[in-house]
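The values are calculated or read from the model by the stated rules, or taken from the named source; none is laboratory data. The shown structure was predicted, so the numbers you read here are calculated from the model rather than taken from an experiment. Every residue, glycine among them, receives a Cβ derived from its backbone with ideal geometry; neighbour counts consider all protein chains shown.
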Amino acid sequence: MRPSLHFLRRLLPVAAALLTAALPTSVPAADAPYPAQPIKVVVPFPPGGPTDIVARPFAEALTRSLGKPVVIENRGGAGGNVGADNVAKANPDGYTLLLGTVGTAAINPALYARLSYDPRKDLAPVAILAAAPVALVAHPSVPANTVAELLALAGRQSLRFGTAGNGTPGHLTGEMFKQASSAPLTHVPYKGSAAALQDLLGGHIELAFDPLQSVLPHVRAGKLKVIAISSAEASPVLPQVPTFAQAGVKVESTAWWGLFAPAGTPRPIVDRLAAELQGAEQSGDVRQLESIGLTLRQIAQPAALDAFLAAESTKWAKAVRDSGAKVD
């Protein structure tokens, strides 16, 4: 029996509805101008630490220039590996990025026996943003104001140094200091700088190694004292504080921070982000980072980035070997 005309007329709206439901409801993100939605920047450490301090003004500047919210997500754990691995496995569409560190990019591959991501293969560098020395700070009650006095004290009593965790610049700089000075210091890793500094301020540990920007407010408030810093030259914000080399201990290190995307992120997106970051360095919020001990350091050309990361990986792998540090 052939279907009646009345039946076919009744069927047409149903068929049309089914066809509409089967069609895409939105244009794929890849076809829309970038960015078409908010961008998430993963900070692989808890709030309040040196990486968080760098991330937030850059995120605010990018929000203004891109016209879409750039949101910070703190995802700490395992010396930054948890957050880095999360971004390495994210969709490479430019909407999940990593505020990476010298630790996640160059130290951890040599320090950890097993790493769930390969920073050179699984992450695409966008730009190196800033750098800072690591500071050796002490509680005011510690009866030492110089490296020489501290080494003499370490020979008489047990001293502990806190860091933001295994694989952080503070950890490796502390291990390098121990190796170069033969000081019998005990490492106490914390889950982030804020926790380490809280215990130091409370007198539960005697020392800490941490990037300058996170300790400087406490130093200026008279709650901590800086013994020395790890850069090749004195810092403009603390010109009276010697470097380790000036104090007679051959230690030099620089902590740095950069923006990374998942490998496979389209080159036009990476280039757009790099260009916006270069402009962000002129914003007042970002320039303020210089007043707390950071040096703004823009490296964004692909060849320069590759050369920089290769050199850093080689340098820090040697530092890990020489220090004897290892994390299972």
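Quick notes on this one:
- Residue within the range 31-48 that is polar (S, T, N, Q), touching a strand residue (DSSP E or B) at 6+ places or on another chain (Cβ under 7 Å), modelled with pLDDT of 95 or more and not in a strand (DSSP E or B) present: no
- Counting the residues of the range 288-304 that are touching a Pro at 6+ places or on another chain (Cβ under 9 Å) and charged (D, E, K, R) gives 1.
- Within the range 143-199, the set of residues being out of contact with any Asp or Glu (no Cβ under 6 Å at 6 or more places or on another chain), within 21 Å of residue 320 (Cβ to Cβ) and of a type in the set (Ser, Thr, Tyr) comprises 163, 168, 173, 181, 182, 186, 190.
- Among residues of the range 202-214, those that are surrounded by 17 or more Cβ atoms within 10 Å (Cβ to Cβ) and within 24 Å of residue 152 (Cα to Cα), counted: 6
- Matching residues, the range 96-126, being assigned to a loop (DSSP other than H, G, I, E, B) and of a type in the set (Ser, Thr, Tyr): 116, 117
Residue-by-condition table, conditions (1) farther than 18 Å from residue 66 by Cβ; (2) at pLDDT below 95; (3) assigned by TED's automatic domain parsing to the domain that holds residue 117; (4) in contact with a His (Cβ under 7 Å, 6 or more places away or on another chain):
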| residue | (1), (2), (3), (4) |
| --- | --- |
| 264 | yes, no, yes, no |
| 272 | no, no, yes, no |
| 278 | no, yes, yes, no |
| 283 | no, yes, yes, no |
| 297 | yes, yes, yes, no |
| 300 | no, yes, yes, no |
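- Reported count of residues in the range 196-236, each being within 20 Å of residue 102 (Cβ to Cβ) and touching a residue at least 24 places away in the same chain (Cβ under 8 Å), is 16.
- For the range 204-224, the condition holds for no residue, the condition being that it is under 20 Å from the mean Cα position of the chain (by Cα) and either part of a loop (DSSP other than H, G, I, E, B) or not assigned by TED's automatic domain parsing to the domain that holds residue 172 (or both).
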